Amino acid sequence: MKRTVFLLVLSLCLALCAPLAAFADEGYPPNFEVSAKGVYMYNLDTESVIYQKNADTPLYPASVTKIMTCILALENTDNLDMEDITYPNYVQDYLYDYQYIQKNGEVSKGGLLAGEVLSMRDALYALMLPSANEVAMIIADHIGGSQEGFVEMMNAKARELGATNTNFVNANGLFDSAHVTTAHDIYLMARHAMELPGFMDIVTTVSYQCPPTNKHPEGLNWSTTNLMMVPNNLYYYPPLKGIKTGTLPDSGRCFVSTATRDGFTYLLVVLGSTYLDETGAAMAENMAFVETRQLYEWVFDTFRVKNLVDKGKYVAEIPLRLNLDQDHVKLMTAERFTALLPNDIDSNSVTLIPEIPDAIDAPVTKGQYVGEVALILSGEEIGRVDLLSVESVEASQVLVLLEKAKEITRSFWFKFAIVLFVFLFVFYIVLMILRNRRRRRSGFKPKRRL
C-alpha cells in the first residue's frame, strides 16, 4: 500500500482571523489497513489534506458519477419546482437492454415509467437517494439535449473545477472502461456541489415522498442508499452527513461523505473498496462504509488543535537606521497561529525562523509590516505569520539629510554630471594648451604698454 503524505493545515477560527498551515509527515498513516484503491480525506475548516492514497490514480467511480449530474442539473435549472422533465422511451429501452440482453445485472432505479413527468427537484431526490440510473439519463437528455451533449458538459465542468484526470462517458456511472476519475477529482466535484443551494438538503435526506405523477397517482417513496445516515442501521454513524454511494463489480464499493465532530468537518472520498469475495460473490459487508467509519474515528481521535504561536509574541529584532538613539526594533507576530496536529506532537517542537530584511530605515510606525516568520516542524514549513514593529520610531533629521546626500551622490545623474564636468574641464585645458602652442609657433608677442 502506498504510504501517505500528510499535509495538515489549520486556519484559526474566523473570529481569530487565522492563517493557513500545512504539515507534512509520513509517520502518521491510519493504524489500520485501508483496502480502498483510492482515498482522499480533507478538513474543510482548516483547508488541509489529512490522508490520501492513490488520490490521482484513475478509477471507476460507479454512481458517484451522479454528483456531477446533480451539479449540472442545479446549475442549469432556474426553478427546481417549476421545471418538469419527461421519461423518454429510449431510456427505458436502453436500461432493459443493459440489464437483460447484455446480462449486466440489476441496476438501481427509481421505479419510474416511460412517459412519466416529474419536477426537477423530485428527479434530483430520485437521482441521489435511490441512485436512479434512469433519472440520470432523463436529466442528461433534458439538460444536454442528448446523452452525448450532456457528457460534453460533464467533462467541461470537470476541467473547470480542476478535475484533470476525469473522463466521463455517461451520466449515471454504469460501467465503461473509459469512464474514469480519481479520488482527488471527486473531492473537487463534491466540494463544489456542497456550495450549491439545495445540494446538501438533498443528499442528507434519508427518505423522500415524491408527489403524485401522471403514472403514479399515489406518488413514490425513495430511501437513501447511504445507510450510514439511517438510524438503527448497522452502519449508522451520527456525525456523518451525505453524500453519495456507488457500487459495481468493476469499481468496487465507492462512497463520498462528510462528517462533523468537535467543531471540525471532513470531506472523505473512498473509491474501490472491496466488493467481491474470493469466490466472486458480493460481500455481505459494505467495506466502503466500514473503512469510512474507521477513517473518521481515526482522525477524530488522533488529531487535536494546538496553539503554536500567540499573537504579539516577540520573535526577532531588526537593525534600525536613521535614528541616533536606537539601533534596533523588536518584531512581534501579527496573529495567533494554531494547527491540527497528531496528539503526540509537542507544540514546543515548532521552530520559528524569521525572514526579514537586513535592516529597516526610520521612521517606523507601530504595527508596520516588516517581514514574516516561518513555522518549521519536523523539517517542514507548516505556515507563516506576519511580523510587525512593536513600536514607533522617528527618524533623526540629520541622518536623513546625510542619507539623502548619499543617495544623490549614488544617483546616475550625479555621476553623469561629475563625468561631464571632468570631461569639459579636461577639454578646456586641452584647448588652452593647443592655443598657447599656436601662439608660440606664430611668433605672437603681446604689445607692451608705453
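The values are calculated or read from the model by the stated rules, or taken from the named source; none is laboratory data. These numbers come from a predicted model, not from an experiment. Cβ sites come from the backbone with ideal geometry, for glycine too, and all protein chains shown count toward neighbours.
Quick look at the values:
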| quantity | calculated |
| --- | --- |
| Boolean, GLY312 is surrounded by fewer than 16 Cβ atoms within 10 Å (Cβ to Cβ), assigned by TED's automatic domain parsing to the domain that holds ASP56 and part of a loop (DSSP other than H, G, I, E, B) | no |
| Subset of the stretch 255-273 (residues that are on the phi > 0 side of the Ramachandran plot and either among the aromatic types (Phe, Trp, Tyr) or not in a loop (DSSP other than H, G, I, E, B) (or both)) | GLY272 |
| The one condition in (1) in contact with a Gly (Cβ under 9 Å, 6 or more places away or on another chain); (2) surrounded by fewer than 21 Cβ atoms within 10 Å (Cβ to Cβ); (3) at pLDDT 95 or above that TRP222 fails to fulfil | (2) |
| Unmet requirement for GLU134, which otherwise passes all of (1) over 18 Å from HIS179 (Cβ atoms); (2) of a type outside the set (Lys, Arg); (3) at pLDDT 95 or above | (1) |
| Qualifying strands (runs of 3 or more DSSP E) (wholly inside the stretch 187-254; at least 3 residues being touching a Lys or Arg at 6+ places or on another chain (Cβ under 9 Å) and in contact (Cβ under 8 Å) with a residue 60 or more places away in the chain) | 240-248 |
| Yes/no for ASN155 being within 28 Å of LYS53 (Cβ to Cβ), out of contact with any Leu (no Cβ under 6 Å at 6 or more places or on another chain), among the polar types (S, T, N, Q) and part of a helix (DSSP H, G or I) | yes |
| Scope the stretch 343-365; condition touching a residue at least 24 places away in the same chain (Cβ under 8 Å), outside any strand (DSSP E or B) and either farther than 14 Å from ILE318 by Cα or of a type in the set (S, T, N, Q) (or both); matching residues | ASN343, ILE345, SER347, SER349, VAL350, THR365 |
| Residue check, ALA126 in contact (Cβ under 8 Å) with a residue 24 or more places away in the chain, within 14 Å of LYS244 (Cβ to Cβ), of a type outside the set (Ser, Thr, Tyr) and assigned by TED's automatic domain parsing to the domain that holds VAL203 | yes |
| Test for ILE71: is it under 26 Å from ALA183 (Cα atoms), touching a helix residue (DSSP H, G or I) at 6+ places or on another chain (Cβ under 6 Å) and surrounded by fewer than 24 Cβ atoms within 10 Å (Cβ to Cβ) | yes |
| Within the stretch 24-98, strands (runs of 3 or more DSSP E) holding 1 or more residues that are out of contact with any Phe, Trp or Tyr (no Cβ under 9 Å at 6 or more places or on another chain), in the same structural domain as LEU276 (by TED's automatic domain parsing) and of a type in the set (Asp, Glu) | 84-86 |
